[in-house]
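All remarks here apply to the structure that follows.
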Amino acid sequence: MEKLAFLLPVLLTACATSSDGQGGISKTIVQPLLENECKVQLNDRQEWKLVSMVLTSAKKTEIEQKICGCVSEEATQNITAENTIGLVNPNTRTQTAAKMAAQSIGGCVKRFVNQR
């Protein structure tokens, strides 16, 4: 049983990244979770509230998609075994996705809001 407990994080990490570096579960499971969490966090950010007030609906959606795409991409590139385990567990999935999104959202907001 101890061997299984030791191997579980290793196996989950192996599943998270394929041999070509494109990510196995990250593209199908993790990125949509992170994009959804990003949208929640983005709408709570004061700078986004201010910027989005002057944007058209279409432009707001476009920038939101770019920001949240950036967040999900950066977070999946830096996924850890701990994050993978947290995302696999239904009890910790939302908390883990929130933590991962929070680590990238600031830089992505700055990158895309300044480009508008």
Whole-Hz ³J(HN,Hα) for each residue in the range 55-65, computed from phi via Karplus 6.51 cos²θ - 1.76 cosθ + 1.60 with θ = phi - 60°, x for glycine and proline: what do you get?
9, 6, 4, 5, 5, 4, 4, 4, 5, 4, 5
Here Rg/Rh (Cα, Kirkwood) for the range 33-110 equals 1.02
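All of the numbers you see were taken from the coordinates with simple rules; none came from a lab. This is a predicted model, so every value here is computed, not measured.
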